[in-house]
Amino acid sequence: MKRQIWMEYRKLWNRISAVAVVFMCVTAVLHVLVYLNLQYRSIDKNGEIVEGLASYRALREASEDLEGVMDGEYLRKLKASYDNSFEKEYLAEHRGFLGTAGMTKYDVPNYCVNYAYFGPYMTNGNDKVGLDYEFLESEESFYRAYKEAVKESLAEDGLYSEGQLLVLNEKADNMRTPFTTGYAQGLFNLMTWFRWDYSLVFFVLAFALAGLFSKDGAGGVTELTLSSKYGRRRNLNARWIAGNLFSAGVYLIYLAVQILVNGAIGTLAGWNLSAQMLWCDCLYDMTLGGGLSILFFGGLLGVLVIGNLVMLFSIKFKNAKAAAALSVIAVLLIRRTGSMEGLYGTIELLSPMHFGQSGLIRMYRFVGNVAVPYFAAVFVVATLYVAVLYTGVRRSCKTYRIS
């Protein structure tokens, strides 16, 4: 069986799939390089403006003196440092700097502090980095304000009933503090570009897997495979497993490209920072690295769902071109759901485009009064998707005819 799976897997790496994977990688790399080089700029440790890709290394170096645990002493030093900084003066004179892809070393800790004041109305910009707040007088008052801001955000989401909010508010009260902060712009970029170009993997699968069960492709189904000593069932399982391995392989290539490119530009420093540095209303006790790992695993689940959908089209139509065309249409429709939200989180839960997005870290589903982590709910939904799609493939295999 292993040998047959390996044979089917190797057949999937043909000219079509190779071109599609190369196109995916080149598009992802160029998208990151061009955008980051043209848009971003930062203030380095000497008070100079650095533009383009070099701005991230300059920001990383300038941010070293702000890394640490956000306890009472840190908050007092942060306020004193910012009040006497070149960055504060510069932002006062250039009001649109942070809102137009400008970066300073104070962004991460100051945004965290400002969330405690603005809560659900927090955005980026020059007016959201000030530190003139009374709650900064002590560690206790800051985190008290922060937890209240989280509760307000949960209520504003409109996703939970009053009883469910009571459960989540208790989790907010028990949030572990103090937070750990520092430089994490490279990881922020990684999450952003991972999400923006995620659908490229879907398009690769639409073309590469369309011929897996077709009768018109070089690696498709023939009379010989249907009448072989291994039988239909074993042949089906070998192709299905190979298709899923291929889907996972393409996804890992995409993920590796994103990690390498964003790591080379902005570094991957900050894996050990508190998740709240990126997801302010996150209730989990986890690091940025842990949160990103969950997102990446969710992305894999979404890819497996799309891969199984394409395999179903392949065995239903038995024609590679027809299956590819329908798969592309399906991917385009699913891709549109990536910008959709609502229906009390139903779209986010059901659309594979959302399986690798921040809802996995920020949201919950409830079973009675029990808060279920959203990533657990997504795992269950993805498993059901794959099971249903596999059932469709298996039933079609039983009645598969070449003529």
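Ranking W240, Y82, S138 by Cα position along the charge dipole of the chain, where only Lys, Arg, Asp and Glu carry charges on their C-beta atoms, puts W240 farthest toward the positive end.
Here the accessible area of segment 1-88 is 57 percent carbon and sulfur, with a 1.4 angstrom probe and all protein chains present.
Ratio to report: Rg/Rh of segment 169-219, with Cα atoms as the point set and Rh obtained by the Kirkwood method; give two decimals. Intermediate values should be presented prior to the final figure.
On the way: Rg = 21.6 Å, Rh = 15.6 Å.
That ratio is 1.39, to two decimals.
Quick check for me: using +1 on Lys/Arg Cβ and -1 on Asp/Glu Cβ, what's the dipole size of the chain about its Cα centre, in debye to the nearest 20?
It comes to approximately 3820 debye.
Per atom type, segment 223-323 shows carbon and sulfur on 68% of its accessible surface, probed at 1.4 Å.
The share of C-alpha pairs in segment 237-368 whose separation exceeds 25 Å stands at 38 percent.
Given the -39500 (n - 2.57) contribution per DSSP H run of 4+ residues, what per-residue ellipticity at 222 nm results for the chain, rounded to the nearest 500 deg cm²/dmol?
-20500 deg cm²/dmol
The 3J(HN,Hα) values that the Karplus relation (6.51, -1.76, 1.60; θ = phi - 60°) gives for segment 12-20 are, in residue order, 6, 8, 10, 4, 5, 5, 5, 4, 5 Hz. Gly and Pro appear as x. Summarising the amide proton neighbourhood of F366: residues at separation of 5 or more, or on other chains, whose placed amide H is nearer than 5 Å comprise V372. Just need log10 I(q)/I(0) for the chain at q = 0.08, 0.10, 0.15 Å⁻¹, Debye formula, equal scatterers on the alpha-carbon atoms, no solvent, rounded to two decimals. Summing over Cα pairs of the chain leads to -0.52, -0.75, -1.29.
For segment 2-97, what percent of Cα pairs sit more than 21 Å apart? Display every interim value, and only then the final one.
On the way: 2726 of 4560 pairs.
That fraction is 60 percent.
Accessible surface computed residue by residue for the chain, with neighbouring protein chains in place and a 1.4 Å probe, gives 46 Å² per residue.
With Cα atoms defining each centre, segment 18-51 and segment 251-286 are spaced 16 Å apart in the structure. Please name which of V29, I43, M7 has its Cα lying farthest along the dipole of segment 1-53 towards the positive end, using unit charges on Cβ (Lys, Arg +1; Asp, Glu -1) and the Cα centre as origin. Result: M7, furthest along the dipole toward the positive end. When segment 255-369 is described by a simple charge dipole with +1 on each Lys and Arg Cβ and -1 on each Asp and Glu Cβ, the residue from V331, V367, L349 located farthest towards its positive end is V331. About its Cα centre, segment 1-104 has a charge dipole of approximately 1040 debye under the convention of +1 per Lys or Arg Cβ and -1 per Asp or Glu Cβ, with nothing else charged.
As a quick test, which of the pairs K215/K321; K45/K128; K105/K171; K105/K128; K79/K147 have an alpha carbon distance above 23 angstrom in this structure? It would help to have the intermediate numbers written out before the result.
On the way: K215/K321 11 Å; K45/K128 21 Å; K105/K171 31 Å; K105/K128 14 Å; K79/K147 20 Å.
Long pairs (Cα-Cα over 23 Å): K105/K171.
Peptides 183-190, 290-297 ordered by packing proxy, namely the average of other Cβ atoms within 10 Å per residue, highest first: 183-190, 290-297.
The values are calculated or read from the model by the stated rules, or taken from the named source; none is laboratory data. As the structure is a prediction and not an experimental result, all values here were calculated from the model. No Cβ is skipped: glycine too gets one built from the backbone with ideal geometry, and neighbour counts run over all protein chains shown. Only protein heavy atoms, including side chains, enter the accessible area calculation; ligands, DNA and RNA are left aside. Shrake-Rupley method; radii C 1.70, N 1.55, O 1.52, S 1.80 Å.
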